[in-house]
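One structure is given below, encoded as structure tokens.
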């Protein structure tokens, strides 16, 4: 949640950002010499070369590095790694401890991709071997590699279909003219468009309509950057980065889902979440006591709205200090309340922020004694200002921070005598700092931003030496506070509203280089602490700030959005980035909006849409009217209907998530990934596929009861009536869509395993039998899958991975059947051009079957 910002401060920051942007326009200098390649060597699986500056230094934003190394590695049949780094290997590289690198060696002759280089006026080009399609080339634009800036530009075809480069709330298909995507994690209240947000994911997916092929490009770099997409001198994409090396991975696809799967080999596979995590969640910043929290749970029960998990924001803390309880949340009452939840098979989650109050209390004292907080260059603890006031920040690089965090979790969240949470929510981990730079006195409440451009502190401490001789930790004598190239950070200088970028972590890593890793390192540590207290249970951790690989530890909520109609629909494209492109599948927006005041109609619509998010939670801010689903009759009706649908489909989406954790296939996706040959789908970001088979098309206009949406040329079936709808590659309009409904269709060729009935809790849901919903395709066939396990164990004693098929009039089940369950498949419903037909089959999940339905 954001700190308050005065209007005057906002104006100053916006002016400062504009001024800096004017200094960072696309580079036009023609006298930068680039590099010349020598000692070029090609083997069956690699290309290497030495690069030497080809003329006098350009030194446009720093000092040119004269000697570089180029390495291209064919790692798999569809992945090529290209890295350009300094000969002495001093320049910062993302630590392997944070993002482990994939290995592999593959013959260049059988790779989908081919790397070639030109030696004089060095450039490199990556082409697709099957059709010689150029997917990345630096020809015509010399590479610039300086101590605090580098630039690489690739040419692109006209009007390219580009996606990714998040986190952002801009259109899913990225603009291609005068577009700048800045990556620098920040506390971005209201999730504005055209701004850097909480997370950084420098990967883009490109689909080429002419060839029908897709590919991906990842820049594995955690430094601040502007990625510019423009067509002022031919179409191009240009990286402008303030540090690190040129570390690129090219993913050959060739279809969109292949690119996602290939990216998951780098990001690591997403972590599986507990079954109960897919239930409905309720939270609010502003619950003033445990009694009020308990009353909300009771009100949901009285309204007959299933509530799986209750959350508490920082209100439970003593003056917002982590690992404490306030007077209105006494331990005995908290334990009694949580015990009641658990007795009803419900769950409880609270928030933990990274910032620890700089006060004389045990969590701070223990952290100080363990020496795990970020430090200034003089050895003193670095101080910021967050919710409890003056704070210290854990150094996630410190060797003892995991132990410190483990101990605080084990004590405060003890199942026997503490707050027995079931999962964890972590926030403010960009890290957020309410103190305006230079933050000389974090305890004072400044009324203005002050002079944040040229202070004595910047000159005195900005030129931080490297703290050890370890490779890849960064060049010495850099200006870590005010580099000459100014990225378009929405709040100005790099250190504003966050930790000072001149801080040096244990091991010699500079915050300047590792700022964007902070949230994901906290995520990894926090997941470890949750595992430490419950080694046999899958942890569910939901975070705000993310980086490459975050999904292998945590899920993500989409931050402090606004109760507004535009943000209701923008949440779809925001969500799809993470699930489809970034491999963070457990994701969702705050239903009904966090900031501001929702309305009854907006909240009803959002409640129906949120039922198709992977992560489904209602949450809003202190001071706004409460918005629990039972507050309005129409919203309560929408919630009952939406949760009924969600729960009956829960195993379907749980199966889709399991597949993503196994091979990277996204559990939700935009239309273009399913229909890559249909150019009309490329820009659609108001509809999406939930799982492999269900197309969701929400009403988009404020207070409207009609919606126009696109149906590709395919057979579909209404999810609720099972009536066949023939898509023709055109829009259709639905009218009289009530505020408790949402249009959704099953794609032909699908079999959906659904629970026959919903339930009040996911535990009770697991006792419900299944039915198979068969939606034949144009060829009359259909297939589907079902994954079964116990829903929570880290290591499963037995699982079932089941396949279904339908052809003619025969339905079959096959697969593995290692999970023992008493439930079975009671019926099959076959859809068609007429009324659907239902058949009773009464089969168990203990082995294959085959039924002729005639």
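The values are calculated or read from the model by the stated rules, or taken from the named source; none is laboratory data. Since the model is a prediction, treat every value here as computed from it, not as a measurement. Neighbour counts run over all protein chains shown; Cβ positions are idealised from the backbone, glycine included.
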- Query: If we scan segment 268-287, do we find a residue that is more than 30 Å from residue 767 (Cα to Cα), without any contact (Cβ under 8 Å) to a residue 12 or more places away in the chain and not in a strand (DSSP E or B)?
  - Reply: no
- Query: Taking the condition more than 22 Å from residue 639 (Cβ to Cβ), assigned to a helix (DSSP H, G or I) and free of Cβ contacts under 8 Å to residues at least 40 places away in the same chain, does residue 291 pass?
  - Reply: no
- Task: Identify all residues within segment 69-93 that are outside any strand (DSSP E or B) and more than 28 Å from the chain's Cα centre (by Cα); write none if there are none.
- Result: 87, 88, 89, 90
- Qualifying residues in segment 276-294 (those that are crowded, with 22+ Cβ neighbours inside 10 Å and in contact with a helix residue (DSSP H, G or I) (Cβ under 6 Å, 6 or more places away or on another chain)) - the one nearest to residue 597 (Cα to Cα): 287
- Message: On the basis of being surrounded by fewer than 22 Cβ atoms within 10 Å (Cβ to Cβ), modelled with pLDDT of 95 or more and touching a helix residue (DSSP H, G or I) at 6+ places or on another chain (Cβ under 6 Å), does residue 573 make the cut?
- Response: no
- Item | Search result, residues across segment 800-834 that are under 17 Å from residue 771 (Cα atoms) and either in contact with a helix residue (DSSP H, G or I) (Cβ under 8 Å, 6 or more places away or on another chain) or exposed (fewer than 13 other Cβ atoms within 10 Å of the Cβ) (or both) | 809, 810, 822
- Query: Which residue pairs have Cβ atoms closer than 9 Å, lie 6 or more positions apart in sequence or on different chains, and pair a first residue in segment 830-854 that is more than 14 Å from residue 809 (Cβ to Cβ) with a second residue that is exposed (fewer than 11 other Cβ atoms within 10 Å of the Cβ)?
  - Reply: 844/822
- Message: Can you list the strands (runs of 3 or more DSSP E) lying wholly within segment 726-798 that have 1 or more residues being over 30 Å from residue 677 (Cβ atoms)?
- Response: 750-755, 770-775, 782-788
- Tally of residues being in contact with a strand residue (DSSP E or B) (Cβ under 6 Å, 6 or more places away or on another chain), farther than 18 Å from residue 254 by Cβ and surrounded by 20 or more Cβ atoms within 10 Å (Cβ to Cβ) across segment 92-133: 2
- Query: Residues in segment 207-242 that are within 19 Å of residue 144 (Cβ to Cβ), out of contact with any strand residue (DSSP E or B) (no Cβ under 8 Å at 6 or more places or on another chain) and either surrounded by 23 or more Cβ atoms within 10 Å (Cβ to Cβ) or in contact (Cβ under 8 Å) with a residue 60 or more places away in the chain (or both): how many?
  - Reply: 1
- Message: Can you confirm whether residue 614 is at pLDDT 95 or above, under 20 Å from residue 656 (Cβ atoms) and part of a loop (DSSP other than H, G, I, E, B)?
- Response: yes
- Message: Suppose we filter segment 171-181 for residues that are under 22 Å from residue 556 (Cα atoms) and surrounded by fewer than 20 Cβ atoms within 10 Å (Cβ to Cβ); how many remain?
- Response: 2
- Message: Could you check segment 325-365 and list, in sequence order, the residues that are without any contact (Cβ under 8 Å) to a residue 60 or more places away in the chain, part of a loop (DSSP other than H, G, I, E, B), under 15 Å from residue 289 (Cα atoms) and touching a helix residue (DSSP H, G or I) at 6+ places or on another chain (Cβ under 9 Å)?
- Response: 326, 328, 329, 330
